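As structure tokens, the structure follows; a few thoughts come after it.
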Amino acid sequence: MRKNVLIFVKAPRIGVVKRRLSNDIGFEAAWCFYRRSVRNLIIRIARDSRWLCCLVVTPDSLFSIDPFWPNLCSVVKQGNGDLGQRMHRALVNFYSNPTVLIGSDIPEVTSDHIQSAFRALAANDVVLGPTGDGGYWLVGLSSRALRSNPFGGVSWSSQKALSQTVNNVQNGHSISILNKLNDIDNGIDYEQWLNRLAF
């Protein structure tokens with residue numbers, strides 16, 4: 001059965017991406033980080049033959065293949081709505097096959113992480129990959145869990161996003177929590193990431 005990895009991405013526009021990080025390291029440095037890390041992420045994950053990758057892009061005007069994106073994935077629009085509505089729509093569009101969705105600001109995601117998520121999804125209704133700031137870097141939902149939509153009323157970009165999503169999962173639905181990974185949202189995250197690269 002075909003597996004799908006959806007990568008949520010923003011247009012790589014200076015001053016638009018990584019705004020919180022920009023406040024600490026400057027617009028140009030944050031933009032360069034985003035472009036480099038997203039390209040590397042796409043190449044690393046999309047070249048794995050165990051699944052197909054799709055970029056789910058915003059704004060919708062980026063629907064066509066942008067010269068920035070490696071030509072390894074199909075591209076679809078995120079559409080309107082809050083983050084939860086856009087993620088739910090994307091997952092529903094691919095519901096007939098095992099599908100996980102990841103963010104684009106976790107530079108240390110590997111194919112091994114993705115494979116672990118698919119193994120967990122095969123045995124659970126909901127799979128979540130937590131981040132240190134209370135959010136999550138990956139989500140996968142069974143067809144049954146998709147019908148319940150655990151994204152309703154979640155405070156996105158807050159420390160409550162993961163816990164609220166877990167609380168939304170209906171009784172009788174099983175949940176698997178993966179290893180915690182670090183997103184890069186501010187200068188401290190960025191410096192810690194650079195230090196990890198040095199080792």
Per the helix-only model, the chain has a calculated mean residue ellipticity at 222 nm (DSSP H runs of ≥4, -39500 (n - 2.57) each, divided over all residues, rounded to the nearest 500) of -11500 deg cm²/dmol
Cross-link reach from residue 3 to aspartates and glutamates, straight Cα distance under 17 Å and at least 8 residues apart if same chain, gives 48, 112, 125
Note: residue 25 to residue 123 extended length (0.36 nm per residue) minus current alpha-carbon separation gives 31.1 nm
Stretched fully, the stretch from residue 156 through residue 61 gains (0.36 nm per residue minus C-alpha distance, one decimal, in nm) 31.9 nm
Here the FRET efficiency for residue 47 versus residue 149, based on Cβ atoms and R0 = 25 Å and rounded to 0.05, is 0.20
Carbon/sulfur accessible area of region 100-199, % of total, 1.4 Å probe, equals 46 percent
For region 94-142, dividing by residue count, accessible area per residue (probe 1.4 Å) in Å² works out to 30 Å²
Counting only protein heavy atoms and leaving out ligands, DNA and RNA, the solvent-accessible surface of residue 27 at a 1.4 Å probe, in Å² to the nearest 10, equals 110 Å²
In nanometres, the difference between 0.36 nm per residue of separation and the alpha-carbon distance of residue 74 and residue 111 is 11.5 nm
Counting only protein heavy atoms and leaving out ligands, DNA and RNA, the solvent-accessible surface of residue 160 at a 1.4 Å probe, in Å² to the nearest 10, equals 120 Å²
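The values are calculated or read from the model by the stated rules, or taken from the named source; none is laboratory data. Being a predicted model, the structure only gives us computed values, none of them experimental. Ideal geometry is used to build each Cβ from the backbone, glycine not excepted, and the neighbour counts take in all protein chains shown. Note: accessible area is taken over every heavy atom of the protein model, side chains too, but ligands, DNA and RNA are not part of it. Shrake-Rupley method; radii C 1.70, N 1.55, O 1.52, S 1.80 Å.
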